[in-house]
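Worksheet for the structure shown next.
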Amino acid sequence: ILTMLSSASLAAPGTGVRIAAADKEPGNWLAHGRNYGEERYSPLDQVNDDNVDKLGLAWNFKYPLDRVVEATPIVVDGVLYTTGAYSMVFALDAKTGEPLWEYDPKVWRGYQGRGCCDAANRGVAVWNGKVYLGVYDGRLEALDASTGELQWSVNTLIDAERNYTISGAPRVVNGKVIIGNGGAEFGVRGYITAYDAETGKQAWRFFTVPGDPAKGDETETITMIRKTWHGDQYWKQGGGGTVWDHMAYDPELNLLYIGVGNGSFWNYGLRSEGKGDNLFVSSIVAINPDTGDYVWHYQTTPGDAWDYTATQHIIVATLPIDGKPRRVVMQAPKNGFFYVLDAASGKFISAGKFGEVTWAKGIDPETGRPIVDREVADYWTNNEPKTVFPGSQGAHNWPPMSFNRDTGLVYIPQQVTMEYYAPLESPDAVQTGVPNLGLEIPVVPETLDAIDELAQVYRGNLVAWDPVRQEVRWKQPYEHIHNSGTLSTAGNLVFQGTADGRVMAYAADDGERLWQQPVSSGVVAGPITYAVDDEQYVAFNVGWGGAFPITFGMLAYRAGVVPDSRLYVFKLGGKAPLPPVQRREIQPPSPPPVTADAETLAEGADLYNRHCGVCHGLSALSSNIIPDLRYLAPEKHAEFLPIVYGIRSHKGMPPFGNILEQDKVEVIHQYIIKRSHDWREEL
Ligand code: PQQ
């Protein structure tokens, strides 16, 4: 590949030849995972285990919205590109933080009602003088990297009626920009599309699950995978299999690896009559990036019934396997097993449990298939609810891991989660703005004592995993789950941020904690490091939010911080003043009186959890990133119906006029008032 491109293209920012040779310019962070294999390992070592405690703030950038920040920044030749909520892009001077330009794709804020997991964006790609952005409402856009001016914009969605969103970062391979989407909680058909990076013209599209059989199979691959599905609900519901987050690329093998998500419905009984593997749900699929042709797949959770997405971070690297260097693909998907596969063939090499797992007893080393514990995990055959570890938040979610070439370890933001899977007996129709899992909406207990008890289970760890021996080398415990992605460096360091608002550094080899600094919000994004004028910087995007933080508000991190989203950039001896950290002071609310009876309130709980809980917090236990409805002001109570019907949709409150009749809105309102009283009494 190096010889194919002229030296002139080396001068252009972010071209493929530069990404493929990323180690030649360690000062830059050219692609999402730094290099195409997405190792998130930096060869920079000016900051190291001897001096990391001298890190101080170099500069910080305040985002205009104090909302979720999941972006991994890209740094090309002294310019840093990052994104905030609703897919807004910011170009900053990487040395000083001075804003160079910003771009707002002007997503209609009410579109948030069509997303499962907050208005998050995981960052841009940069290639040949352009910045590429996946927009929350389904657009893919190219901007001029030096001015932020829009170059082209395409609609990537196949069906505007279905709830597709984009949260993931595009990848650019061999002159094509590749993007997937999310929506499998609402009933969509997953796919990725490749566009010409210069013109935006569509090059190919790869569907991950079969569609309506009456329309014919698009490819032989679709005919092959259709044999693994049963009944007719799957294609009516879309089937799922969204590629909402990670992809990786191997320039030597010229293979693109995509991580495929859960099925629609989650309920395997309703989705596929409880039969078949349901390809390519919960799989890693290798694709030829030039043609979009299928090459191989490995399914981590055949017939997934628990939302065990395999969209998690994919790393392509070389490991010593049986004493010989071998090109491998590694992943720690939601299901709790760490996988090592052959990168060329997809052949299963090994797996090990990196988290709390009850759904499977292990992985059969011959077949590479899980040994499912039906007693524990099968809720669909007899329609019996089951409590299973991990739950739908996974033993690892999207925050990226990192692979340190020196220690040979992978640093995983691991977590303990569980879920009570209570099946519905018949499918509801897909309805815009309503999650459609084929299961009851997960229940979060309403009392603080019960929440505290549950919070004892939901713990996180930074796990240093030996991928060759498939075992833990060391771990560092956290009191909360949903901690940030990790970065590993040649300075024998691992960096990670935490749910409770700290950024930390550990020794990569033995896990000793070497540095910590409180910051102004919870941290979820993957940190990066880069250098300008021979000085090394470490950058953390800070901004609490995402699926778990908003939906499981108080379980997530009860004390919370006053939301304050910023990019923090540190360097040795940095002296910039730290932004103040404001902890949230919990005050009793002053709600109006409850007028409904107990039966109405019970109906209100169900309606609230189904329609409002995803954003405002299940059981009205909010983490206050999206308004905490227990604290509604009197004028908001007075306008409750118009607000639910859309007068604040420009602020992000989706209109529910087509979904909820007036009397149902009143029932929900009563439930919120009741929860406000409950809370007042508990404080
Ligand atoms: N997004 C987050 C987040 O940003 O915190 C967490 C999750 C998503 C999940 O746990 C998901 O299962 C999930 N699923 C889909 C999907 O099935 O299409 C999409 C997304 C998303 O786009 O962010 C998430």
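Quick notes
- Qualifying residue in the stretch 111-130 (condition: touching a residue at least 60 places away in the same chain (Cβ under 8 Å), open to solvent by 10 Å² or more (accessible area, probe 1.4 Å), among the aromatic types (F, W, Y) and touching an Asp or Glu at 6+ places or on another chain (Cβ under 7 Å)): yes
One line per residue, one yes/no per condition, for (1) in a loop (DSSP other than H, G, I, E, B); (2) without any contact (Cβ under 8 Å) to a residue 60 or more places away in the chain; (3) not β-branched (V, I, T):
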| position | (1), (2), (3) |
| --- | --- |
| F495 | no, yes, yes |
| D509 | yes, no, yes |
| A539 | no, no, yes |
| W544 | yes, no, yes |
| A596 | yes, no, yes |
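- Residue, farthest from S619 (Cα to Cα), within the stretch 435-473, restricted to residues that are surrounded by fewer than 15 Cβ atoms within 10 Å (Cβ to Cβ) and of a type in the set (D, E): E471
- Checking D196, D212, D232 one by one, the residue that is open to solvent by 10 Å² or more (accessible area, probe 1.4 Å), in contact with a Lys or Arg (Cβ under 7 Å, 6 or more places away or on another chain) and not aliphatic (A, V, I, L, M) is D196 and no other.
- Filter pass, I363 being among the β-branched types (V, I, T) and in contact with a Pro (Cβ under 8 Å, 6 or more places away or on another chain): yes
- Selection status of L80, open to solvent by 10 Å² or more (accessible area, probe 1.4 Å) and either at pLDDT below 95 or within 30 Å of I550 (Cβ to Cβ) (or both): no
- Between S146, S153, the distinction of being over 30 Å from E185 (Cα atoms) and either small (G, A, S) or more than 16 Å from the ligand (Cβ to nearest atom) (or both) belongs to S146 only.
- Qualifying positions in the stretch 329-346 - closer than 24 Å to D23 by Cα and either without any contact (Cβ under 8 Å) to a residue 40 or more places away in the chain or assigned by TED's automatic domain parsing to the domain that holds R405 (or both): D342
- Flag if S484 is within 16 Å of the ligand (Cβ to nearest atom), open to solvent by less than 10 Å² (accessible area, probe 1.4 Å) and farther than 27 Å from P435 by Cα: no
- Taking the stretch 8-117 and the strands (runs of 3 or more DSSP E) fully enclosed by it, the elements with 1 or more residues that are within 16 Å of the ligand (Cβ to nearest atom) are at 79-83.
- W380 meets the conditions (1) open to solvent by 10 Å² or more (accessible area, probe 1.4 Å); (2) within 22 Å of I284 (Cβ to Cβ); (3) in contact (Cβ under 8 Å) with a residue 60 or more places away in the chain; (4) not polar (S, T, N, Q) in every case but one. The failed one is (2).
- Any hit, the stretch 226-233, residues being within 16 Å of the ligand (Cβ to nearest atom), modelled with pLDDT of 95 or more and not β-branched (V, I, T): no
- Criterion: among the charged types (D, E, K, R) and either without any contact (Cβ under 8 Å) to a residue 12 or more places away in the chain or away from the ligand (no atom under 16 Å from the Cβ) (or both) - qualifying residue of D245, D304, D290: D290
- Pairs, first away from the ligand (no atom under 16 Å from the Cβ) in the stretch 248-268, second at pLDDT below 95, C-beta under 6 Å, six or more apart: P251/I1; P251/A20
- Considering residues of the stretch 520-537 that are modelled with pLDDT of 95 or more and part of a loop (DSSP other than H, G, I, E, B) only, the residue surrounded by the most Cβ atoms within 10 Å (Cβ to Cβ): G526
- The condition of being within 16 Å of the ligand (Cβ to nearest atom) and either open to solvent by 10 Å² or more (accessible area, probe 1.4 Å) or among the aliphatic types (A, V, I, L, M) (or both) holds for only one of A310, A344, that being A310.
- Residues satisfying the stated conditions in the stretch 136-156, i.e. under 20 Å from N181 (Cα atoms) and not in a strand (DSSP E or B): Y136, D137, G138, T156
- Scanning the stretch 155-162 for residues that are open to solvent by 10 Å² or more (accessible area, probe 1.4 Å) and hydroxyl-bearing (S, T, Y) turns up nothing.
- Residue among Y191, Y195 that is out of contact with any helix residue (DSSP H, G or I) (no Cβ under 7 Å at 6 or more places or on another chain) and more than 16 Å from the ligand (Cβ to nearest atom): Y195
- Residue match in the stretch 608-618 (condition: open to solvent by 10 Å² or more (accessible area, probe 1.4 Å) and either in a strand (DSSP E or B) or under 20 Å from N483 (Cβ atoms) (or both)): no
- Count of the stretch 157-174 residues which are within 14 Å of the ligand (Cβ to nearest atom) and not in a loop (DSSP other than H, G, I, E, B): 1
- From I643, I647, residue being modelled with pLDDT of 95 or more and either among the polar types (S, T, N, Q) or open to solvent by less than 40 Å² (accessible area, probe 1.4 Å) (or both): I643
The values are calculated or read from the model by the stated rules, or taken from the named source; none is laboratory data. If you're wondering where the values come from, they're calculated on a predicted model, not measured in any experiment. With ideal geometry, Cβ positions are generated from the backbone for all residues, glycine too; neighbour counts draw on all protein chains shown. Keep in mind that these areas ignore ligands, DNA and RNA; they rest on the heavy atoms of the full protein, side chains included. Shrake-Rupley method; radii C 1.70, N 1.55, O 1.52, S 1.80 Å.
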